1. For the chain, with a Gaussian network of springs between Cα atoms less than 10 Å apart, report the residue from Thr46, Thr15, Thr55 with the top mean-square fluctuation.
2. Please build a GNM for the chain, connecting alpha carbons under 10 Å apart, and tell me which residue among Ser14, Ser78, Ser97 fluctuates the most.
3. When the Karplus curve 6.51 cos²θ - 1.76 cosθ + 1.60 is applied with θ = phi - 60°, which whole-Hz ³J(HN,Hα) does each residue of the range 88-103 get, with x for Gly and Pro?
4. Need one word for the range 17-107: rounded, prolate or oblate. Basis is the Cα gyration tensor (sqrt eigenvalues a ≥ b ≥ c); a/c below 1.5 gives rounded, then a/b vs b/c decides.
5. Which loop-located GluC sites (Glu not before Pro) does the range 24-108 contain, where loop means any DSSP state but H, G, I, E or B and the Cβ has at most 10 other Cβ atoms within 10 Å?
6. Rank Leu44, Leu31, Leu90 by mean-square fluctuation in a GNM of the chain with C-alpha springs under 10 angstrom and give only the top-ranked residue.
7. Using a Förster distance of 30 Å, how high is the FRET efficiency between Asp41 and Asp93, based on the Cβ-Cβ distance and rounded to 0.05?
Amino acid sequence: MNQVTLPEYSKMASTLRSDSLAVTPAEMHGLLAGMLCGGLDPELGTWMPILYDYTNDGAGWPHESKALAATAVSLANSQLAAGQMDFELLMPDEDESLLDRGDALSEW
């Protein structure tokens, strides 16, 4: 069985940028994880309008960006529901600059 993993940070950043969305992958992932910790049920789909309001003045996201966000919320929900202590933050790769990683952590 294939294990679902978070999308690559740089690919997600490029997709969000090309779709003219003013949110970074780290900021989006942190927002979604916070909503899940606050009791949001991802199966209801109510996370999408909240994400749209926060990041795109309520307008929906293009398909590819929405699919990446759905993958991120699904994986975060699985990790949180399982009580895993190794919750994975969506961050730039370790070979990126410390400044880029620090910025992403503060956005998360």
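1. Looking only at Thr46, Thr15, Thr55, the largest GNM fluctuation is found for Thr46.
2. Ser97
3. Taking θ as phi minus 60°, the curve returns 8, 7, 7, 9, x, 4, 4, 7, 6, 5, 4, 5, 4, 5, x, 4 Hz for the range 88-103.
4. Working: a/c = 1.93, a/b = 1.08, b/c = 1.79.
Oblate is the answer for the range 17-107, as a/c is 1.5 or above yet b/c matches or exceeds a/b.
5. Glu94
6. Looking only at Leu44, Leu31, Leu90, the largest GNM fluctuation is found for Leu44.
7. On the way: r = 32 Å, r/R0 = 1.05.
Given R0 = 30 Å and the Cβ-Cβ separation, E is 0.45.
Each reported figure results from applying straightforward, stated rules to the coordinates on display, with no laboratory input. Treat the numbers as computed from the prediction; the structure is a model and nothing was measured. Every residue, glycine among them, receives a Cβ derived from its backbone with ideal geometry; neighbour counts consider all protein chains shown.
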